[in-house]
Amino acid sequence: MRILITNDDGIGAPGIRHLVEWAKTKGEVVVVAPRVEQSAKSHGIEIHSAFEVKPSEVFSGVRAFSVDSTPADCIRVAKLLLKEEFDIVFSGINRGPNLGCDLVYSATVGAIFEASRFGIPAIAFSTDFDSFDNAVARLDEVYDFFEKHELMKKNSLYNVNIPSCESHGFRITRQGGMYFSDKFGKTERENFYQPEGYCVYEGGQNLREDIDAFKCGYISITPLLSTRTNLALVEKLQKEI
């Protein structure tokens, strides 16, 4: 199996190091990751300016490339510049969960949406801010869960969030609501304001939703679709109009 790995915390981040070491036990790994952190860049790509792509020696025994752009561009570089074929894309492990409405902003998730554009199955991995230990320890268990239930045959894109506490098991979840928001604080520069993120989650027990399942100590697995078309409405309107 040929595995492409990227992230949004940057090629030197600890989360991607852990993911690469684990993925090496599953197949041939190639890393194409951002030179610096690209959190909250969503599915953005650079179409106006040239950007640097260069080999990196960050990972022992693994071909790696540092890209001075977004995670979505890392996928584009792997396919359109390096012209390589991959069986699956792993994105992460992100420092901080990607849950609810924040999937719209997440560049960790943006990378797997870009992978789907090339027909490559992909999984985004995220965990808590405080520790990677439990996420790393549970990767084999997550992989076995996917294999046992043949999840990649049923859908090509998944968002996985592994809590840092000892997890209670797995939950297949849907995308929840608001998890983070921002305040805008004044700075010393006139007309400049600093966004300050804070958690707006108020707690819940709906284990069918990603936020509640994750906060209650479960590994949340959310199947995603790259299309934004309301297919049910399209079918209905096509019959009516």
**Prompt:** If F65 satisfies every condition in (1) in a strand (DSSP E or B); (2) out of contact with any strand residue (DSSP E or B) (no Cβ under 8 Å at 6 or more places or on another chain) but one, which is the exception?
**Reply:** (2)
**Message:** What pairs come out if I take residues in segment 185-214 that are farther than 30 Å from S167 by Cα and surrounded by 11 or more Cβ atoms within 10 Å (Cβ to Cβ) and pair them with residues that are among the β-branched types (V, I, T) and at pLDDT 90 or above whose C-beta lies under 9 Å away, six or more apart or interchain?
**Reply:** Y193/T187; Q194/T187
**Asked** Of all residues in segment 23-62 being outside any loop (DSSP other than H, G, I, E, B) and in contact with a Pro (Cβ under 8 Å, 6 or more places away or on another chain), which is surrounded by the fewest Cβ atoms within 10 Å (Cβ to Cβ)?
**Response** P34
**Looking only at segment 87-112, and only at residues there that are surrounded by fewer than 23 Cβ atoms within 10 Å (Cβ to Cβ) and either among the aromatic types (F, W, Y) or under 15 Å from L4 (Cβ atoms) (or both), the one that is farthest from the chain's Cα centre (by Cα)** = D87
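Answer yes or no as to whether S66 is of a type in the set (G, A, S) and surrounded by fewer than 18 Cβ atoms within 10 Å (Cβ to Cβ).
No: the conditions fail for S66.
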**Complete:** From the option list S66, S42, S49, single residue qualifying as under 16 Å from G15 (Cα atoms) and not aliphatic (A, V, I, L, M) is S66
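The values are calculated or read from the model by the stated rules, or taken from the named source; none is laboratory data. Computed from a prediction, not measured in an experiment: that's the story for all the values here. Positions of Cβ are generated from backbone atoms using ideal geometry, with glycine treated the same way; all protein chains shown enter the neighbour counts.
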